[in-house]
1. Could you please find all residues in the stretch 1-29 being among the acidic types (Asp, Glu) and either more than 20 Å from residue 77 (Cβ to Cβ) or touching a helix residue (DSSP H, G or I) at 6+ places or on another chain (Cβ under 6 Å) (or both)?
2. Mind checking which residues of the stretch 17-45 are among the charged types (D, E, K, R) and either part of a helix (DSSP H, G or I) or in contact (Cβ under 8 Å) with a residue 60 or more places away in the chain (or both)?
3. Please specify each residue of the stretch 1-10 satisfying the condition of being of a type outside the set (D, E, K, R), part of a helix (DSSP H, G or I) and loosely packed, with under 10 Cβ neighbours inside 10 Å.
4. Could you check how many residues of the stretch 33-50 are closer than 22 Å to residue 71 by Cβ and more than 14 Å from the chain's Cα centre (by Cα)?
5. Just wondering, is there one or more residues in the stretch 68-82 that are without any contact (Cβ under 8 Å) to a residue 60 or more places away in the chain, at positive phi and not polar (S, T, N, Q)?
6. Considering only residues that are in a helix (DSSP H, G or I) and among the polar types (S, T, N, Q), look in the stretch 46-89 and name the one that is farthest from residue 25 (Cα to Cα).
7. Give the stretch 35-53 a look and list any residue that's surrounded by 12 or more Cβ atoms within 10 Å (Cβ to Cβ) and more than 14 Å from residue 76 (Cα to Cα), or say none.
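Values quoted throughout were computed directly from the atomic coordinates according to the rules given, and no laboratory measurement underlies them. Model, not experiment: these values are computed from the prediction. Every residue, glycine as well, gets a Cβ built from its backbone with ideal geometry; the counts of neighbours run over all protein chains shown.
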Amino acid sequence: MNKLEEARLRIDQIDQQMADLFKARMIAVIDVLDYKKQNHLPVLDATREMKMIDKNVARFNTPELEAYYKQFLKSILEISRTYQEDHYE
């Protein structure tokens, strides 16, 4: 197996882990949505989102990738928010 094949195999394994984590995260998002519905809270909590991004970026110790990680976090939050908006009844 050459280096390219090895890297692609690692990516495939990581993608499976990310799929499992994404599913677990979305199940938690459903719990958040249920709470918001019961308490008549809005989907968007901009302050919470900014704190979450800042907290996670602070943990990230790879400066050359930090901007991309921040973009990744924002994408996750957008997906979570979209799901909540689509299911807020």
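1. Step one: of the stretch 1-29, the residues among the acidic types (Asp, Glu) are 5-6, 12, 15, 20.
Answer for the stretch 1-29, where residues must be among the acidic types (Asp, Glu) and either more than 20 Å from residue 77 (Cβ to Cβ) or touching a helix residue (DSSP H, G or I) at 6+ places or on another chain (Cβ under 6 Å) (or both): 5, 6, 12, 15.
2. At the first step, the residues of the stretch 17-45 found to be among the charged types (D, E, K, R) are 20, 23, 25, 31, 34, 36-37, 45.
Within the stretch 17-45, 20, 23, 25, 31, 34, 36, 37 meet the criteria.
3. Of the residues in the stretch 1-10, the ones of a type outside the set (D, E, K, R) are 1-2, 4, 7, 9.
In the following step, the residues that additionally are part of a helix (DSSP H, G or I) were identified as 4, 7, 9.
Listed by number, the list holds a single entry, 4.
4. Kept after step one, since they are closer than 22 Å to residue 71 by Cβ, are these residues of the stretch 33-50: 43-50.
Filter again for more than 14 Å from the chain's Cα centre (by Cα), leaving 43-47.
So the answer is 5.
5. Initial filter on the stretch 68-82 (without any contact (Cβ under 8 Å) to a residue 60 or more places away in the chain): 68-82.
Filter once more, keeping what is at positive phi: none.
No, the conditions are met nowhere in the stretch 68-82.
6. Keep residues of the stretch 46-89 that are in a helix (DSSP H, G or I), which gives 46-59, 63-87.
Now drop any that are not among the polar types (S, T, N, Q), which leaves 47, 56, 71, 75, 80, 82, 84.
Working: 47: 20, 56: 15, 71: 17, 75: 13, 80: 9, 82: 14, 84: 13 Å.
Applying the filter and picking the extreme gives 47.
7. First, the residues of the stretch 35-53 that are surrounded by 12 or more Cβ atoms within 10 Å (Cβ to Cβ): 36-37, 41, 43-45, 49, 52-53.
Result: 36, 37, 41, 43, 45.
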